[in-house]
Amino acid sequence: EKERQVLELLPQQASFEILVTRFGQMVRYVTLNEIEEQTPIDDTGLSMLFYRALNSLPEDALRVYGRLKQNMDFIQQLVAFYQELQSSQLSIAELIGLDSADKQADLQVIFHQFYGLLAQENYQSQSKTQQLTQEIMAGHLAADLASMALVIDGFTRFSVEEEHLVKALKARGVPIVIGTYASQEAYQATYLSAKLGRTFCVSWPRPTPSSQNFACKA
């Protein structure tokens, strides 16, 4: 309904080619058919895969965690740690700050074995959003992005994955408009506060004096 009202006010005809309700849906529309489909894996599957990875290592492969190969609490910690790495878009190679070099070396060995099994079984190691970000950064979707503009509205914050996706799109020159919200009082003030109320369309990054200024007040 909102889109229809906006289009009726435009002097020339226009249309919204795609409307999605979350970032993950963009993958279906931005030509990722060439990516090999992988099998999703849940927490139970991850636990089993870590169990296999640990117990396939030689006895002397781990200096600190060798005695915990069949400890389910330790395996659950590995699952949680893997999910944290995924959501933060970090690799195990970027792990620093542990109190022991031996612990760090053990985790490197465990995750190397785990990632090998993940690839061997063709399990999904990245979310759809991460896949899209990776393809954009690699320059594989230049033709699709050339005719794309992104309007984002209704978000109070971005996840780490979503923020990386928006940054990747911006780096590839995709016009991005983000809807922000402020109260009438805040709108008239010098600085905008976080109060909800009036709606604006704001260009991101902020337009230069020579570029078109987005002004779309509700």
Using a basic spin-label model with each label point 7 Å from the Cα along Cα→Cβ, how many nm lie between residue 56 and residue 95? 1.8 nm
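Quick check: with the 1.4 Å probe, what order do 170, 103 take by accessible area, largest first?
Numbers: 170 90, 103 60 Å².
Result of the area sort, largest leading: 170, 103.
Please compute the net charge surrounding residue 77, taking Lys and Arg as +1 and Asp and Glu as -1 over other residues with Cβ under 15 Å from its Cβ. Please list the in-between numbers first.
Numbers: positive: 67, 69, 103; negative: 43, 73, 84, 106.
Summing Lys and Arg as +1 and Asp and Glu as -1 gives -1.
For the stretch 101-157, report the % of Cα-Cα distances exceeding 18 Å. Walk me through the numbers on the way to the answer.
On the way: 1001 of 1596 pairs.
Counting pairs separated by more than 18 Å, the tail of P(r) holds 63 percent.
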Between 173, 159, 142, whose Cα lies farthest towards the positive end of the dipole of the stretch 133-179 when Lys and Arg beta carbons carry +1 and Asp and Glu beta carbons carry -1, centred on the Cα centre? 173
Mind checking the alpha-carbon convex hull of the stretch 33-130 and giving the volume per residue in Å³? 101 Å³
Among 72, 148, 48, what's the order by accessible area (1.4 angstrom probe), most exposed first? 48, 72, 148
Rounded to one decimal in nm, the spacing of the 7 Å Cα→Cβ label points at residue 124 and residue 146 is 3.1 nm
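The values are calculated or read from the model by the stated rules, or taken from the named source; none is laboratory data. Just so it is clear, the structure is predicted and the values come from calculations on it, not from any experiment. Cβ: placed from backbone, ideal geometry, glycine included. Neighbour counts: every protein chain shown. Protein only, heavy atoms only, side chains kept; ligands, DNA and RNA dropped before computing areas. Shrake-Rupley method; radii C 1.70, N 1.55, O 1.52, S 1.80 Å.
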